[in-house]
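Down below is the structure, laid out as structure tokens.
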Amino acid sequence: QFPFGRRLPCDIYWHGVSFHDNNIFSGQVNKFPGMMETVRKITLSRAMRTMQDLFPLEYNFYPRSWILPEELPLFVAEVRMMKDRNPSWKPTFIVKPDGGCQGDGIYLIKDPSDIRLTGSIQSRPAVVQEYICKPLLVDKLKFDIRLYVLLKSLEPLEIYIAKDGLSRFCTEPYQEPTLKNLHQVFMHLTNYSLNIHSGNFIHSASVNTGSKRTFSSILCRLSSRGADVKKLWSDIISLVIKTIIALTPELKVYYQSDIPAGKPGPTCFQILGFDILLMKNLKPILLEVNANPSMRIEHEQELSPGVFENVPSPVDEEVKVAVIRDTLRLVDPQKKKRKDTQVLWRCGAPGPFPTAPVQHLTESTRLTPCSILCCRCQSLEQAPEASEELPEAALPSLCLKQVFPKYAKQFSYLRLVDRVAALFIRFLGVKGTTKLGPTGFRTFIRNCKLSNSNFSMAAVDILYIDITRRWNSMGIEHKESGMCLQAFVEAFFCLAQKKYKSLPLHDQVASLIELCECRLAALRGKRLVWGCG
């Protein structure tokens, strides 16, 4: 550990909280810049809502959400309208503070009037969501799933999912919410950090019992009851990929700000914690995404009043050790160097083998530095070290399964906002910024030829000012003025709706993206011709 940094460069830096824990200029860092901000409850809800507007059926795994305090009037109006349509509808909502963690500040309500406005809701904004009243129960208890997801690369996008996760149980038998039991957190909230304080919490030496179990033990139980576990896994993989696709546009803006393209800098990877709830019909619902999931493999046990000791947790150890071990195996720079030697080559060394046959180094061949140096003039049979086994042969098979780009074809059509973000980044102008100024927005409109007699440059300026002012007044933390990505996306959708009025929204947006990309490519071609001239 280097609490005050380290002068000599490292291959891999393991930061505790964020990308900015230390100033890193090379190697790999286990955090992406902007990840903590991107997965906050409000930012995540906005990203998911954008995708729900474009693809409502594909993103129906995220509960309907409203952002407080700005959308409180909208929340009140929509709930009233739905109750008028269906008087028998008796909803429950869950309020989650934006920056909260470990269950802090979460509470349930039956009516919008129950929102606690007496506190500092303005200084501590929140998300209110529809509460899932019919979750899957095991042993009459509600539980959620913590799945570990490795985002190995942003460009190109590379995602891995751990084959096992944690099932975290409530500690009181579940009943559907009523005014009498809304406050019973041990019945409704699955947070481990809350339930650990319940007298009913069970620390078990087995991964199949207790208040925290492996997800695989739950799957075995479901399978024995005849549930389609393969479909469940397929739905979970789909949920994870779609969620990451919703998050990548914002992440790319932060990434180019801290690590500008074309300049030397570190690459990033990150382990994320996906919290998922299963409904009674086994449909997975995304609760939230954690940028810094706990990797502790022990828990505190009170020996006597005020005296605690750390006790190993078998279930945590089984899941988390494998996740970290295999993350390091996947990002291991030495592994890349070994792969670089597993290529076809033609010997070019002078001497007795001027036209040596093409040779292939297989997975089972380990080349030492000496044998690599000798490759130009020796065959594999002449290298005595070549038959040694890879160190990985002694390790278990990877617990992390690649899901992207493996399933890229099925999900590539969802990456519309990614392409909008690429346009946004292109016109940012100043490297290191995350906000688009008025000049950059005008240049975007002009270069893409989006202004006309019905939409003048004066109207462009008004659109920029109105949307930017509204987003900057939402109480979002911002260090610089200008148009953020989410505001640009809103402006882009507005332009698409003006230009292609008769199409559904996702077709409108896709058509405008293709038009912009085509016109920018033509402009780039003209500039190349002018440059040659």
Using a 1.4 Å probe over the heavy atoms of the protein chains, calculate the carbon and sulfur portion of the accessible area of segment 415-527 as a whole percent. 54 percent
Which of the trypsin sites (Lys or Arg not before Pro) found in segment 178-250 are loop residues per DSSP with 14 or fewer other Cβ atoms within 10 Å of their Cβ? Lys180, Arg225
Could you name the lysines whose alpha carbon sits less than 23 Å from that of Lys435, not counting residues in the same chain fewer than 8 places away? Lys31, Lys41, Lys252, Lys263, Lys449, Lys479
Quick one: which of Lys212/Lys283; Lys134/Lys231; Lys409/Lys501; Lys242/Lys283 span more than 25 angstrom between C-alpha atoms? Lys409/Lys501
Could you list which residues have their amide H under 5 Å from that of Leu287, counting only those 5 or more apart in sequence or on another chain, with H placed in the peptide plane? Asp275, Ile276, Leu277
Suppose each label sits 7 Å from its Cα in the direction of the beta carbon; what would the Ser397-Asn454 distance come out to in nanometres? 5.9 nm
If you take the charge dipole of segment 415-527 about its Cα centre, with +1 on Lys and Arg Cβ and -1 on Asp and Glu Cβ, which of Cys448, Leu485, Val417 is farthest toward its positive end? Cys448
Karplus couplings for segment 290-303 from phi (6.51 cos²θ - 1.76 cosθ + 1.60, θ = phi - 60°), rounded to Hz, Gly and Pro as x? 9, 6, 10, x, 5, 10, 5, 10, 8, 9, 7, 10, 7, 7
Taking 7 Å along the Cα-to-C-beta vector as the label spot, tell me the Arg426-Arg519 distance in nanometres, rounded to one decimal. 1.1 nm
On the formula 1/(1 + (r/R0)^6), with r taken between the Cβ atoms of Lys140 and Lys526 and R0 of 60 Å, the FRET efficiency rounded to 0.05 is 0.30
Amide hydrogen neighbours beyond the local backbone of Ser153, cut-off 5 Å, H modeled: Glu158
Please list, or write none, the aspartates and glutamates whose alpha carbon is within less than 14 Å of the alpha carbon of Lys401, excluding same-chain residues fewer than 8 places away. Glu158, Asp164, Asp326
At 0.36 nm per residue, and after removing the present C-alpha to C-alpha distance, how many nm does the segment from Met474 to Asn200 gain when stretched out fully? 94.4 nm
Heavy-atom accessible area per residue of segment 415-527, all protein chains kept, 1.4 Å probe, expressed in Å², is 51 Å²
Fully extended, how many nm does the chain gain between Arg296 and Lys280 (0.36 nm per residue separation, minus their Cα-Cα distance)? 2.7 nm
I'd like the distance between the alpha-carbon centres of segment 411-454 and segment 500-520, rounded to an integer number of Å. 13 Å
Estimated inter-spin distance, Cys101 and Thr209, nm [label 7 Å along Cα→Cβ]: 3.3 nm
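The values are calculated or read from the model by the stated rules, or taken from the named source; none is laboratory data. Because the structure is predicted, anything quoted here is derived from the model rather than measured. Positions of Cβ are generated from backbone atoms using ideal geometry, with glycine treated the same way; all protein chains shown enter the neighbour counts. Remember, those area values only see protein heavy atoms, side chains included, never the ligands or the DNA or RNA. Shrake-Rupley method; radii C 1.70, N 1.55, O 1.52, S 1.80 Å.
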